[in-house]
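Right, one structure below, let's go through it.
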Amino acid sequence: MYKRQTNSCVAVIEGGKPTVIANSEGFRTTPSIVSFDQNCGRLIGLPAKRQAIKHPDRTIQSIKRYMGTNYRVHVDHMEFSPEQISACILQKLKAQAQTYLGERVTKAIITVPAYFDDSQRLATRHAGEIAGLEVLRVMNEPTASALAYGFNRMGQEANIVIFDFGGGTFDVTILQLSEGVLQVKSTNGHNKLGGDDFDDRICLLYTS
């Protein structure tokens, strides 16, 4: 079944600020979709999205909610772990960064939902390694968002609440800003509550 897509993006720090890199199609976000053709070739991002309705059984989406589990994707005679599918997406993002910078990219920081446990974070790190990256840090997505928006440069103390409602996951984080340092005070979330689930409920309403 084809669902609402989730997206990934890659950024570099230029002049002390993050710059989001456009993909080969000219967009700054890349659909987190991987598809396999009948010759075992991979399509990633927008090309995978374009054929998802036609070949839903060969298309994988929202893999992030399965990180750190024994879930497996089966396409024909092939079997893939969530880390392997996630690595396909990371490889495309890595290629975007290398094209933009004109040099090899070997290190990265990868963001994850704030509620990810140790097994999910380890699986994410493993996905990065499969993609040929040295993962310097696995950072909480709300913290990364706060840094990208410059909350750490506000020049005053504050408590910040960040709601992150995505296509496949949802989490809420409370950050405390003190002397330019952001500290996570509390976080909670659900890895199976997102836009995908809203789509499923709406489909049920219209088909029941």
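General observations
- The one condition in (1) under 17 Å from the mean Cα position of the chain (by Cα); (2) open to solvent by less than 60 Å² (accessible area, probe 1.4 Å) that Ile109 fails to fulfil: (2)
- For the range 176-199, the tally of residues that are open to solvent by less than 80 Å² (accessible area, probe 1.4 Å) and either more than 21 Å from the chain's Cα centre (by Cα) or basic (Lys, Arg) (or both) stands at 6.
- Scoring Thr59 on the criteria (1) open to solvent by less than 60 Å² (accessible area, probe 1.4 Å); (2) without any contact (Cβ under 8 Å) to a residue 40 or more places away in the chain; (3) over 14 Å from the mean Cα position of the chain (by Cα) leaves a single failure, condition (2).
- Enumeration of residues in the range 132-147 that are within 16 Å of the chain's Cα centre (by Cα) and in a helix (DSSP H, G or I): Glu141, Pro142, Thr143, Ala144, Ser145
- Among the residues of the range 1-43, those identified as outside any loop (DSSP other than H, G, I, E, B), open to solvent by less than 30 Å² (accessible area, probe 1.4 Å) and of a type outside the set (Ser, Thr, Tyr) are Val12, Pro31, Ile33, Val34, Phe36.
- For the range 115-151, the set of residues classified as open to solvent by 50 Å² or more (accessible area, probe 1.4 Å) and of a type in the set (Asp, Glu) consists of Asp117, Asp118, Glu129, Glu134, listed by residue number.
- Test: Gly155 is more than 17 Å from the chain's Cα centre (by Cα), open to solvent by less than 90 Å² (accessible area, probe 1.4 Å) and not charged (D, E, K, R): yes
Each row is one residue, and each column tells you yes or no for (1) farther than 22 Å from Val138 by Cα; (2) hydroxyl-bearing (Ser, Thr, Tyr).
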{"position": "Ile13", "(1), (2)": "no, no"}
{"position": "Asp57", "(1), (2)": "yes, no"}
{"position": "Tyr66", "(1), (2)": "no, yes"}
{"position": "Tyr71", "(1), (2)": "no, yes"}
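- Candidate set from the range 81-106 (those that are among the small types (Gly, Ala, Ser) and within 19 Å of Glu25 (Cβ to Cβ)); member that is least open to solvent (accessible area, probe 1.4 Å): Ala97
- Condition met for Val105 (touching a Lys or Arg at 6+ places or on another chain (Cβ under 6 Å) and either among the charged types (D, E, K, R) or within 21 Å of Arg65 (Cβ to Cβ) (or both)): no
- Search result, residues across the range 67-80 that are free of Cβ contacts under 8 Å to residues at least 40 places away in the same chain and open to solvent by less than 30 Å² (accessible area, probe 1.4 Å): Val73, Val75
The values are calculated or read from the model by the stated rules, or taken from the named source; none is laboratory data. A quick note: this is a predicted structure, and the numbers were derived from the prediction, not measured. Reconstructed Cβ throughout: ideal geometry from the backbone, glycine too, with neighbour counts over all protein chains shown. Remember, those area values only see protein heavy atoms, side chains included, never the ligands or the DNA or RNA. Shrake-Rupley method; radii C 1.70, N 1.55, O 1.52, S 1.80 Å.
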